[in-house]
1. State the number of residues belonging to region B:1-25 that are within 11 Å of another protein chain (Cβ to nearest Cβ) and touching a helix residue (DSSP H, G or I) at 6+ places or on another chain (Cβ under 9 Å).
2. Got at least one residue in region B:54-65 being touching a Lys or Arg at 6+ places or on another chain (Cβ under 9 Å), modelled with pLDDT of 95 or more and outside any helix (DSSP H, G or I)?
3. State which residue is nearest to the chain's Cα centre (by Cα) when the search covers only region A:142-176 and only residues that are of a type in the set (G, A, S) and over 16 Å from A:Y193 (Cα atoms).
4. Filter region A:47-93 down to the residues that are farther than 28 Å from A:H115 by Cβ and surrounded by fewer than 16 Cβ atoms within 10 Å (Cβ to Cβ) and list them by number.
5. Is it the case that some residue within region A:128-141 is within 23 Å of B:T41 (Cα to Cα) and touching a Lys or Arg at 6+ places or on another chain (Cβ under 8 Å)?
6. Just give me the residues in region A:24-49 being within 14 Å of the chain's Cα centre (by Cα) and of a type in the set (G, A, S), in sequence order.
7. Just give me the residues in region B:1-46 being farther than 30 Å from A:P176 by Cβ, assigned to a helix (DSSP H, G or I) and among the hydrophobic types (A, V, I, L, M, F, W, C), in sequence order.
8. Restricting attention to region A:158-179, and to residues there that are in a strand (DSSP E or B) and more than 10 Å from every other protein chain (Cβ to nearest Cβ), which single residue is surrounded by the fewest Cβ atoms within 10 Å (Cβ to Cβ)?
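The values are calculated or read from the model by the stated rules, or taken from the named source; none is laboratory data. Keep in mind that this is a model prediction, so the values were computed, not measured. Quick reminder, even Gly has a Cβ in these numbers, built from the backbone with ideal geometry, and neighbours come from all protein chains shown.
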Amino acid sequence: LPDKFDWRDKAAVAPVQDQQACGSCWAFSVVGAIQSVHAIGGSQLEQLSVQQVVDCSYQNAGCNGGSTTRALNWLKQTRMKLVTQSEYPYKAKTEICHFFSQSHSGVAIKNFTTHDFSGQEKAMMGQLVQYGPLVAIVDAVSWQDYLGGIIQHHCSSQWSNHAILIVGYDTTGDIPYWIVQNSWGTRWGNEGYVYIKIGGNICGIADSVAAVFL
Amino acid sequence: AFRKQFHRTYEVSSEEFSRRHLSFQRATIRHTYLNSFSTETQSAKYGINQFSDLSQEEFRDLYLGAVYERAPLFSGLSVKE
C-alpha cells in the first residue's frame with residue numbers, strides 16, 4: 001500500500017456539500033461513493049442526486065435519518081438509476097419520490113459489500129485503494145465542536161450516528177490518519193473534511209464500512 | 001460577533017437569543033475540556049463554529065441521522081483477490 005493515498009488527487013471526489021438541517025448524511029455518503037466509483041470507472045465526475053435517495057429509499061426516513069446499508073440494498077435490488085443533482089436538486093427536506101422513465105440516463109449500482117474492519121484498518125486501507133472511497137458510520141457527537149486537526153479522542157465505537165465518506169489516508173506523519181469528507185459544508189472542519197487517527201477504531205470508523213461496485 | 005459571522009438573525013432581547021446564548025456558553029465549557037487532552041500540533045482542535053449555538057440534543061436531532069447496522073467482520077482477502 002502507498003504511504004499516502006487520496007482519491008481527490010485522481011479527480012474522483014465531488015466537492016463538499018451541506019446537508020443543512022436535515023438528517024440525510026446517510027444519503028450523502030452513499031451518493032458520494034457512487035459518484036466517485038463512477039468517475040474512477042472512466043466517466044466524468046458528476047454530482048448525482050442525494051434528494052432522489054432521500055425521497056425514494058422507502059425503508060429509510062428521509063431527513064429523519066436512515067441506514068447506509070438499507071439505502072445500498074435498495075439501490076442494488078431496484079437497480080434504481082441515480083439521476084444528476086441538477087435534474088433532481090437537493091431541498092434539505094423529505095419530499096415525494098420523483099420517478100424517471102426507464103430510458104432516462106443515470107447511474108445504478110451492481111453490488112456492494114459492508115464489513116466490520118475493527119482491528120483491521122490496514123485491510124480497510126487496501127479496500128479504499130482497490131475499490132474507491134468508502135462509506136462509513138461514525139460517532140460524531142463531539143464533531144459539533146470540531147475545528148480541524150486529527151481526532152484521537154472524545155468519540156466512541158459502536159455508538160455510531162453519522163455517515164461519512166472516507167476518501168483517503170496519510171501515514172507519512174507522526175499520526176497516521178483517515179481523510180474523511182463530511183456533508184456539513186466547507187466552513188466546518190478542514191474545509192469540510194475531518195481527519196481521524198488510523199488504528200484503534202477511533203469514532204467507530206471501522207465498525208461498518210461499505211464499498212460499492214457499478 | 002458569532003451572530004454576525006454565522007448570519008444569525010435572532011434579536012438580543014428574544015427568547016431564542018437567551019436559549020442560544022446558554023447553548024453557546026455550554027459549548028465554550030465543552031471546548032476547554034475537549035482541548036485539554038492533546039498538546040501535539042496535529043491534534044484536533046475544538047472551538048466555536050456554526051454549531052456552537054445549538055444544544056447537543058438539537059445537534060444530534062438535526063445532523064446525526066445515520067442508523068448503525070452491524071456488519072460482518074472482515075475475514076481477509078480471498079485467494080482470488
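1. Count: 1.
2. Yes - at least one qualifying residue is present in region B:54-65.
3. Looking at residues that are of a type in the set (G, A, S) and over 16 Å from A:Y193 (Cα atoms), I get A:S160.
4. Within region A:47-93, A:S86, A:P89, A:K91, A:A92, A:K93 meet the criteria.
5. yes
6. The answer is A:S24, A:A27, A:S29, A:G32, A:A33, A:S36, A:S49.
7. B:F2, B:F17, B:L22, B:F24, B:I29
8. Looking at residues that are in a strand (DSSP E or B) and more than 10 Å from every other protein chain (Cβ to nearest Cβ), I get A:D170.
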